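Colleague: Structure provided below as structure tokens; questions to follow.
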Amino acid sequence: MTRLLSVHSVDDPALREAASILAAGGLVAFPTETVYGLGADGLNPEAVARIYAAKGRPATNPVILHVDSIASARALVSQWPDTAQLLTERFWPGPLTLILPASEQVPAIVRAGGPTVALRCPAHRVAQALIKAVGRPLAAPSANRSQHLSPTLAEHVASSLGEAVDLILDGGPTEAGLESTILDLSVARPRILRPGPVAPAELAALLGALDLWEGAVRPGESQTAPGMAERHYAPRARLELVAPGSGLAPGSGRVAYVAFGHLPVLPDSIRGILLPLDAEAVGTRLFALLHELDDAGFERVVMERPPAGEAWMAVRDRLRRASAKEPT
Ligand code: AMP
Ligand code: MG
């Protein structure tokens, strides 16, 4: 059985044990304010290689380094533009990841061989305490098998990664429930590579112009931005997106219908689930809901398309990719 320890405070002995596992090149899953991360010493290439093996993650997809401060971030880059200073003063610690030109300190495996590095300073007190205790940046992609649903509970990590992780720190449910916003500052005009809890408008207020990027790379195409594969965050159930109010005729198998704001009348055989018209609340619950439906054995989940508008961009992005067809 995978070891799972609850962390109740920042001086919990579980944190010291986790730090010594990480310092020795091991893997520890820990809570952040977005989702659970699968952590390894980000400056130790062998330790980072274990993350790729545990997740079944393609070597072409780089990992984010998690730091405890702006000062630690600056040591990992070769350029620190004014925009990075502005953004980190405003949004760190928090769910914003910045892409910047990497310094020589950053191992190639962290960058997937590219010239840039992704950096984030998480706000969760367990994540903060762990990074400080190890005294090094932690590589920490979401703690799930590649392409599967991200974990918002310690139990999700245990069922997705099992024995592949040395220790799981349990800090309860994560707050944001969706992965960080990723902003590329290594290009002439900043652009969002992944929408997340920090909204485009909040970034634009500081930066002026920025590019929103709502596309995705199909299998076989080269990835402009790593991790942009069309299918991602997928539940085991078949997920279909439909127009709001579509409803559903009775069919075979276990089927759930998920609506926003108003649930249409449904046949008795279909489980109806109503989500609020509140993008933040839906973000927090989305992955947990899909995990629950998987665990309950639903084969098909029919979900209404979430509303248009910037506030829903991150939820739309995850649902579009979770419902993308399996590459053939
Ligand atoms: P996750 O594995 O769920 O934590 O997601 C990490 C995301 O950060 C993936 O989409 C990666 O492709 C992205 N990422 C990490 N490093 C870079 C980088 N240097 N340039 C662009 N994206 C990156
Ligand atoms: Mg992930």
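Laboratory data are not the source of any read-out in this text; all were calculated from the coordinates shown. Source: prediction; values computed, not measured. A quick note on method: Cβ atoms are made from the backbone with ideal geometry, for glycine too, and the neighbour counts reach across all protein chains shown.
Colleague: Would you work out the relative contact order for the chain, in percent, from Cα pairs under 8 angstrom that are 6 or more residues apart? Could you put the intermediate results ahead of the total?
Modeller: Numbers: 726 pairs, mean separation 63.7, N = 328.
About 19 percent, as a whole number.
Colleague: Kindly rank 121-132, 106-117, 87-98 from highest to lowest mean number of other beta carbons found within 10 Å of each residue. Numbers along the way, then the final one.
Modeller: Values: 121-132: 22.4, 106-117: 18.7, 87-98: 20.7.
Highest mean packing first, the order is 121-132, 87-98, 106-117.
Colleague: Turning to a different aspect of this structure: Per-residue counts of other Cβ atoms within 10 Å, averaged by peptide: what ranking do you get for 22-34, 74-86, highest first? Before the final figure, lay out each step's value.
Modeller: Numbers: 22-34: 23.5, 74-86: 15.5.
Answer by packing, highest mean first, reads 22-34, 74-86.
Colleague: Moving on to the next point. Counting other C-beta atoms within 10 Å, and keeping those with at most 14, which DSSP coil trypsin sites (Lys or Arg not before Pro) do you find in segment 16-61?
Modeller: Details: sites: 16, 50, 55; in loops: none.
Passing both the DSSP loop test and the Cβ count: no residue.
Colleague: Normalised by the number of residues in segment 113-204, what is the relative contact order in percent for Cα pairs under 8 Å and 6+ residues apart?
Modeller: On the way: 73 pairs, mean separation 15.0, N = 92.
Answer for segment 113-204 is 16 percent.
Colleague: Taking square-rooted eigenvalues a ≥ b ≥ c of the alpha carbon gyration tensor, is segment 17-60 rounded, prolate or oblate, where a/c under 1.5 means rounded and, failing that, a/b exceeding b/c means prolate? Each step should come with its number before you reach the end.
Modeller: Numbers: a/c = 2.12, a/b = 1.10, b/c = 1.93.
It comes out oblate by the Cα gyration axes.
Colleague: Can you compute the charge dipole magnitude of segment 1-124 about its Cα centre, using +1 on each Lys and Arg Cβ and -1 on each Asp and Glu Cβ, nothing else charged? Give it in debye, rounded to the nearest 20.
Modeller: In debye, rounded to 20, segment 1-124 gives about 360.
Colleague: Something else about it: Distances longer than 23 Å among the Cα atoms of segment 1-83: what percent of all pairs is that? Show your work: numbers first, answer last.
Modeller: Details: 1028 of 3403 pairs.
For segment 1-83, the fraction of Cα-Cα distances above 23 Å is 30 percent.
Colleague: Report the convex hull volume per residue for the chain, counting only C-alpha atoms, in Å³.
Modeller: Numbers: hull volume 43.0 nm³, N = 328.
Taking only Cα atoms, the chain has a hull volume of 131 Å³ per residue.
Colleague: Now for a different question. For a quick protection proxy, order the peptides 180-187, 249-256, 135-142 by their average other-Cβ count within 10 Å, most packed first. Don't skip to the end; give the middle numbers.
Modeller: Numbers: 180-187: 22.1, 249-256: 13.6, 135-142: 24.5.
Highest to lowest by the protection proxy: 135-142, 180-187, 249-256.
Colleague: What does the charge count near residue 25 come to, summing +1 for each Lys or Arg and -1 for each Asp or Glu among other residues with Cβ under 9 Å from its Cβ?
Modeller: On the way: positive: 50; negative: 41, 46.
Neighbour charge sum, excluding residue 25 itself: -1.
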